[in-house]
Amino acid sequence: MNRKSEVVSGQWSVVSGQWSVEFRLPIHGSRFTILVLGASGMLGNDLVKTLGLRHEVVGKDFNDFDITNKGITREEILDINPQIVVNSAGFTNVDGCETEVEKAFLINADGTKNVALACEEGKIKLVHIGTDYVFDGNKREPYLEDDIPNPLNIYGKSKLKGEQYIKETMDDFLIVRTEWLYGKKGNNFVSTIMKLAEIEKELKVVDDQIGSPTYTKDLAHAIERLIDCSLQANSLHNLKGVYHVTNRGTCSWYQFALKMLELARIEDVKVNPISSSHLDGYNRPAERPAYSALNCSKFEKETGLTLRPWEDALAEYFESFERVSLRANIVKNRKS
C-alpha cells in the first residue's frame, strides 16, 4: 500500500490533538518498544504520553543514566533494546551555554554521539531533536533542511556538532529540527510571560526576531507520524535524514506575547515592542538569529501531515486552563 492510498479523505492536520481526516493506520497493529531520553522534560513528557498510547514506551532522564558517559549509555540502551530511541535530552539553556561552553558540548554533542554509537551498534533507529539555532537568520525566508548551517551561539554550535556526529556514525536516523517550543510542563516563553503578567502591568518584548511557536503536544504527534511512516511495510528504514517540523505560520516574540494575553483575556497588561539591541542589560549573552523560520514542506509531503497554525495550537493550550482561575491569580498577586 503506498502512502497516498492510505489517506481516505481530506488533508492531514492536527486539530485539537485529533487527526482531522479518516485514515488507515500504516503499521497494522504492530507495537514497538520506544526509548525516550529526556522523558521528564517539556517535549519528553508529551512524547511519552503520545507514543505510549500505541507503543511500549520507556522514559529515561539524566537521573537514570548520564548520556555523557559512553559506557553507561551503551549498556543502558542495549539492555533496553528498543526498536527506536527518541533523544529529546539536551542542555537547552541558550544563554547558559555561553557561560558553560564545555557542558554544552559535553551534553549536546558528545552525549548525542554516545547515543548514536549505541543505536548504531544495536541497529536501533534514532530520532533526534534538533533546533532552528543551527542557522544564522540571514536568509530571511524559511530554511530548508539542506541549507548550510551557520550557528551564531554556543547552543546552536553544540547542537550542530551533535547532528554531525549522528550523520558520521549512523545510517538510519531522523533529525527533527524545530523551534520556539512551549508546553504544559517546564519553563518556556509562554509560562514566563504569564508569570510576569501576574506581577507587572507593562512588559517589554523583542519584536525583531521571527520564528514559529510550536506546541510540544503537536510536535509529539508529528514525531509519532514520522515513526509511523518509518514503520510502513514492516520496515524501520523508509524515512531517514533531516526534517523540519513546526506549527504553521510565523510571528515575532512580541506578537506571540500579545496573542497570549489576548487568549488569557488579560486586558490591563501593556506589551511594548523593543529591539534585540535593548536586551544588553538583561543578562542575555547569546546572540539569536533574526529570522529562523523553518520550511516544513519536506515533512508535509513525505508524511501527509500538516500541523495547524500556531495561533490555533496556542488557543488550545490556553483552553486547557481555567481562564477565570488564571485571571483571579493575577489579580491576587498584584494586590499582595
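Between the DSSP loop rule and a limit of at most 12 other Cβ atoms within 10 Å, which trypsin sites (Lys or Arg not before Pro) in segment 181-227 are left? Here the trypsin sites (Lys or Arg not before Pro) that fit, given the DSSP loop and packing criteria, are Lys201.
Net charge in the neighbourhood of Glu98 (other residues with Cβ under 10 Å of its Cβ; Lys, Arg +1, Asp, Glu -1) is -2.
Distance from the C-alpha centroid of segment 263-315 to that of segment 102-137: 24 Å, rounded to the whole angstrom. For Leu144, the residues 5 or more places off, or on other chains, whose built amide H falls under 5 Å of its own are Asn295.
Backbone geometry of segment 288-293 corresponds, through the Karplus equation with coefficients 6.51, -1.76 and 1.60 at θ = phi - 60°, to 3J(HN,Hα) couplings of 10, x, 5, 9, 10, 4 Hz, x marking Gly and Pro. For Val242, the amide hydrogen comes within under 5 Å of the amide hydrogens of Ile175, counting only partners 5 or more places away or on other chains and with H modelled in the peptide plane. Using the Karplus relation 6.51 cos²θ - 1.76 cosθ + 1.60 with θ = phi - 60°, the per-residue 3J(HN,Hα) values for segment 150-165 come to 7, x, 9, 10, 5, 4, x, 5, 5, 5, 5, 4, x, 4, 5, 4 Hz, with x marking Gly and Pro. The alpha-carbon of Lys113 sits under 24 angstrom from the alpha-carbons of these lysines, leaving out residues fewer than 8 places away in its chain: Lys60, Lys70, Lys103, Lys123, Lys125, Lys157, Lys159, Lys161, Lys167, Lys240. The local environment of Phe135, defined by Cβ-Cβ distances under 13 Å, has a net charge of -3 under the rule Lys, Arg +1 and Asp, Glu -1. Loop-located GluC sites (Glu not before Pro) across segment 89-169 with a Cβ neighbour count of 15 or fewer within 10 Å are Glu100, with loop assigned by DSSP. Residues whose amide H lies under 5 Å from that of Thr131, counting only those 5 or more places away or on a different chain, are Thr178; hydrogens are built 1.01 Å from N in the peptide plane. Taking θ as phi - 60° and the Karplus parameters 6.51, -1.76 and 1.60, the scalar couplings of segment 59-75 work out to x, 10, 9, 4, 5, 7, 7, 8, 5, 7, 8, 4, x, 5, 4, 4, 4 Hz in sequence order, x denoting glycine and proline. The trypsin sites (Lys or Arg not before Pro) of segment 119-154 that meet both conditions, a loop assignment by DSSP and at most 14 other Cβ atoms within 10 Å of the site Cβ, are Lys123, Arg140. For segment 262-316, the square roots a ≥ b ≥ c of the C-alpha gyration tensor eigenvalues yield an a/c of 1.5 or more together with a/b not exceeding b/c, which makes the shape oblate.
Read-outs throughout are calculated quantities, based only on the coordinates presented, and are distinct from any laboratory measurement. These numbers come from a predicted model, not from an experiment. For neighbour counting, all protein chains shown are included, and Cβ atoms are generated from backbone atoms with ideal geometry for every residue, glycine included.
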